[in-house]
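Where a number appears in this text, it was derived from the coordinates with a stated rule and is not lab data. As the structure is a computational prediction, the values presented were derived from the model and not from experiment. Here Cβ is always computed from backbone atoms with ideal geometry, including for glycine, and neighbour counts include all displayed protein chains.
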Amino acid sequence: MAQSDPLDLIVLGSGVAGSSVATRCASAGWRVALAEAREFGGTCALRGCEPKKVFWTLAEAVDRARRLAPKGVAGGEAVRLDWGAAQRFKHSFTDPVPEHSEASLRDAGVEVLHGEARFVAPDAVEAAGRRLAFRHTVIATGAHPAKLPIEGAELLATSDEFLALERLPQRMVMVGGGYISFECAHLAARGGAEVTLLHANDEPLAHFDQDLVRRLVAHTRALGVTVKLGCKVSAIRRQGDGTLQVECENGERVTAEMAVHGLGRRPALESLDLEAGEVAVEKGRLRLDRHLRSASNPRVFAAGDAAQQGPALTPVAGHDAGVVARNLLEGCRSEPDYSVVPSVVFTIPPMAMVGMTEAQAREQRRDFELKQGDMASFQSVRRTGEDTAAYKLLLEPDSGHVLGAHLLAPEAPEVMNLFAFAMRFGVPAAELRAMMTAYPSFGSNLSAMLG
């Protein structure tokens, strides 16, 4: 493809955001290519949320059998998570993804390119050994673990590596108190590993309601995970026997066979040579306008984790992709809306949220009606054998609109979708409470929570 005959669009990255933009523009008759440095399919389908949920489903089944052993599941206390078998089951989902993803793109008329792409000019990239001129490009390269100013940080395993383990080590350390650390800790503990979680301050999972977080921390400790708060990791050292010693500023030391990086992810931009493309970056993030377009090169757009404008979640990547595709095809009129984005920590039980926390509402001096309570006695919780469950809801006093919803309970993610729907479409609490629901289901607890 000659430089004088530019592509209409080249997309960098084959995850949810990149593939969606590429196929939409190709279906509109554009000449589109997509370059991928790794396997086709992206982080979510191959190394992130989807394979993680496979492990979670198996771990939750094991945990439920153990909880219900005294209630009638004979032998449930002896049920264990076979990590190797779980890994093989996970592969039945992930292994077909690259071939299917690439075939889907080709069928849509997208030219697929294997290998890293980098800018060589404001209107050209080099990919697969070719210089490709373009009218537009979309950066959808996702994110990777943040580089840490910690001695021995290179010894940390990534969540990708954790989810690829054929067997669990005896002892593991989770460095950080975010999604990755809590989710991996709950999986590893159900798999029989001795797990320690280290977090720098007293507020892990900072974006979630801290009352519910404290319940989750207590539950995590009861599971057997050692959770140490106020332990900021300062160094990781390889010992003579091959184990790792993780050291904290307060003098704490933990020895383990594996330590997992759980201190956040950053846009994967380093290999793109953005300076050659005149694509402005500030503090490791792309400088974008409200249309997800580069502030310095109007040919360039970004979506998903690479854009880092909304929460780093798969639905946000899909939403960004829709915004970017419309702006490319119809002119820059669309803007992303991140006002209602549900989020879940897939621990056991899971914790879910949407909208404001109580702390945020107070900080913004918002008037709100607070409804909260323990749910352990609810029939839908008791029958699962779970003893940790709670809710907190923030309602606007006059309109009754939901300002924020927070759940720690079995089925919390599914019920959170109902609250997100109510927030997105302005359904007041009174109508949500009056809605007939299937009974007995976890959704039928809406009336009790809102009553």
- Message: Over region 153-263, what is the relative contact order in percent, taking alpha-carbon pairs closer than 8 angstrom and at least six residues apart?
- Response: 36 percent
- FRET E, pair Ser27, Asn417, Förster distance 41 Å, beta-carbon r, rounded to 0.05: 0.90
- Angle, helix 210-223 long axis vs. longest principal axis of the chain, Cα atoms, 0 to 90°, nearest 10? 70 degrees
- Query: Helix 16-27 sits at what angle to the longest principal axis of the chain, using alpha carbons and giving 0 to 90 degrees rounded to 10?
  - Reply: 40 degrees
- Task: Please identify every one of the trypsin sites (Lys or Arg not before Pro) in region 45-150 that sits in a loop by DSSP and has no more than 15 other beta carbons within 10 Å of its own beta carbon.
- Result: Arg80, Lys147
- Task: Could you list the chymotrypsin sites (Phe, Trp or Tyr not before Pro) in region 84-185 that lie in coil according to DSSP, counting only those with at most 10 other Cβ atoms within 10 Å of their Cβ?
- Result: none
- Message: I'd like the FRET efficiency for Glu363 and Glu431, computed as 1/(1 + (r/R0)^6) with the beta carbon distance as r and R0 of 45 Å, rounded to 0.05.
- Response: 0.95
- Message: Can you compute the label reach from Arg290? Point 7 Å from Cα along the Cβ direction, backbone N cut-off under 13 Å, restricted to region 338-352.
- Response: 338
- Task: Mind jotting down the distance between the C-alpha centroids of region 249-265 and region 287-337, whole Å?
- Result: 35 Å
- With a cut-off of 14 Å, note down the residues of region 95-117 whose backbone N falls inside the zone around a label point 7 Å from the Cα of Ala164 toward its beta carbon. 95
- Calculate how steeply helix 83-94 sits against the longest principal axis of the alpha-carbon atoms of the chain, using the helix alpha-carbon long axis, and give the answer as 0 to 90 degrees to the nearest 10. 40 degrees
- So the number of lysine pairs in the chain with alpha-carbon atoms under 19 angstrom apart, 8 or more residues apart or on different chains, is 5
- Message: Give me the base-10 log of I(q)/I(0) for region 59-126 at each q in 0.13 Å⁻¹, Debye formula, one uniform scatterer per Cα, rounded to two decimals.
- Response: -0.64
- Query: Near Glu247, within a Cβ-to-Cβ distance under 15 Å, what is the net charge of the other residues, with Lys and Arg +1 and Asp and Glu -1?
  - Reply: +2
- Query: So what's the back-of-envelope 222 nm ellipticity for the chain, counting only DSSP H runs of four-plus at -39500 (n - 2.57) apiece and dividing by all residues, rounded to 500?
  - Reply: -9500 deg cm²/dmol
- Message: At 0.36 nm per residue, and after removing the present C-alpha to C-alpha distance, how many nm does the segment from His114 to Arg326 gain when stretched out fully?
- Response: 73.7 nm
- Val79 versus Asp5, label points 7 Å from Cα toward the beta carbon: distance in nm? 6.1 nm
- Within 10 Å, count the other beta carbons around each residue, average over each peptide in 376-386, 183-193, 306-316, and list them highest first. 183-193, 306-316, 376-386
- Task: Multiply the residue separation of Ser441 and Arg106 by 0.36 nm, subtract the distance between their alpha-carbon atoms, and state the gained length in nm to one decimal.
- Result: 116.3 nm
- What is the gain in length, in nm to one decimal, between Ser234 and Gln372 on full extension, counting 0.36 nm per residue of separation less the C-alpha to C-alpha distance? 45.8 nm
- Query: Which far-off residues, 5 or more places away or on another chain, put their amide H under 5 Å from the one on Glu111, with H placed in the peptide plane?
  - Reply: Val32, Ala33, Leu34
- Treating only the Cβ atoms of Lys and Arg (+1) and Asp and Glu (-1) as charged, compute the dipole magnitude of the chain about its Cα centre; round to the nearest 20 debye. 560 debye
- Please state the charge dipole magnitude for region 349-450, taken about the Cα centre, from unit charges on C-beta atoms (+1 on K and R, -1 on D and E), reported in debye and rounded to the nearest 20. 40 debye
- Task: Using θ = phi - 60° and the Karplus relation 6.51 cos²θ - 1.76 cosθ + 1.60, list the HN-Hα couplings for region 195-207 in order, rounded to whole Hz, with x at every Gly or Pro.
- Result: 10, 10, 10, 10, 10, 5, 10, 9, 10, x, 6, 4, 7
